Each structure stands twice: as C-alpha cells, then as structure tokens.
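S.K.: This is the structure, below, for whatever I ask next.
The numbers here are math on the coordinates, done by the rules we state, and not lab data. Everything numeric here is computed off the predicted structure, so don't read it as measured data. Counting neighbours? That spans all protein chains shown, and the Cβs are built from the backbone with ideal geometry, glycine included.
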Amino acid sequence: MKPQDQDKIVTVSLGSNCGDREMMIREAIGWLSGVLKEFHVSDIYETAPVGHSGENYFNAVASGKLEIPLSQFERQCKEFELSHGRDSRSRELKLVPIDLDVVTSGNSVLRPADYHQGFYQTGLRQLSEEGVLQDVVVLPFQKYGV
C-alpha cells in the first residue's frame with residue numbers, strides 16, 4: 001500500500017436510478033461495509049437527475065478508512081458496478097443500476113463536479129452533523145430532492 005493511502009478516510013457517493021433502487025443501494029452499502037474500516041453511511045434519499053432527464057435517483061454517501069491502495073479500491077468499485085449491470089449499454093441509456101464514485105480521499109477532492117452537487121452534499125451534511133466526519137466543508141447547495 002502506498003503510505004499516502006494508508007488510513008485515509010474516503011467518501012463514496014452511491015446512486016441508482018433503475019430497478020429496485022433501494023435494494024441496489026443497500027447491497028452496495030453492505031459490500032462497502034466489508035471493504036472500508038470505521039464505516040459510516042448516510043440515510044438513503046431520493047434526488048432528481050442532474051444533467052439529464054430520466055428517473056429519480058436513490059442516493060447515499062458512505063465514508064470509511066482504506067486498508068488498500070486507493071487505485072485498487074476504485075477498481076473494485078467499478079467491478080462492483082459492472083457485476084451489477086452498469087455496462088456500456090446501461091450508460092448509453094442513462095440507466096444506472098448502481099454508481100459508486102470516490103469523491104474525496106483524505107483532504108483531496110477527487111471529483112469536484114460531484115462534490116458540489118446536492119446529491120452528494122445531502123449525505124455529506126448528514127455525516128458531518130452526526131460527527132462522523134470532522135473538518136469537512138459542507139457547501140451551500142440547491143437541494144435536488146424530489
């Protein structure tokens with residue numbers, strides 16, 4: 001493991017807009033809870049799509065400590081997506097059985113566009129208010145809930 005990855009807290013944005021959205025989010029939460037240490041997750045909430053029309057999303061934000069390199073964790077997230085139907089065809093159709101994106105690692109924002117969206121900030125705000133995440137910048141945002 002790279003020394004800079006060790007014990008870093010990551011946050012992961014979870015989203016699903018097709019099929020049994022809640023079940024898919026819960027399955028991803030279960031998987032993440034076995035991969036990340038000191039695991040925490042927000043409530044599941046519903047948001048409108050951003051950047052395209054289509055079905056509403058179910059979202060959540062998870063956090064925990066990495067015990068593997070960040071690049072390996074990100075690969076595992078993409079493998080989880082693929083094994084649960086997130087293939088090139090579903091991407092073309094804007095159907096998202098499950099989406100797992102690492103938004104932050106330590107003090108680094110890896111996905112600035114996601115970081116600033118209500119679908120991420122809603123869950124981040126909850127984890128911050130519960131004291132799970134310390135020294136987190138929660139941004140003002142337009143709520144994308146339904």
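S.K.: Kindly provide the helix-only [θ] at 222 nm of the chain, computed as the sum of -39,500 (n - 2.57) over DSSP H runs of four or more divided by all residues, to the nearest 500 deg cm²/dmol?
M.R.: When only DSSP H runs of four or more count, the value is -10000 deg cm²/dmol.
S.K.: Taking Rh as the Kirkwood radius computed over C-alpha pairs, what is the Stokes-Einstein D of the chain at 20 °C in a medium of viscosity 1.002 mPa s, expressed in µm² per second?
M.R.: 140 µm²/s
S.K.: Can you pull the one-decimal nm distance between simple spin-label points at Gln72 and Ser33, each 7 Å off the Cα toward Cβ?
M.R.: 2.4 nm
S.K.: Can you compute the radius of gyration and Dmax for the stretch 4-55, using only the Cα atoms, both in Å?
M.R.: 13.4, 39
S.K.: Mind checking the dipole of the chain: about its Cα centre, +1 per Lys or Arg Cβ, -1 per Asp or Glu Cβ, Debye to the nearest 20?
M.R.: Dipole of the chain, to the nearest 20 debye: 280 debye.
S.K.: Separate question: Test of understanding: extend the Cα→C-beta vector of Lys65 to 7 Å, then name every residue of the stretch 15-40 with backbone N under 16 Å from that spot.
M.R.: Counting backbone N atoms under 16 Å from the label point, the list is 33-40.
S.K.: How much length is gained if the chain between Glu92 and Glu55 is pulled fully straight, taking 0.36 nm per residue apart and subtracting their Cα-Cα distance, in nm to one decimal?
M.R.: Computed gain between Glu92 and Glu55 is 11.9 nm.
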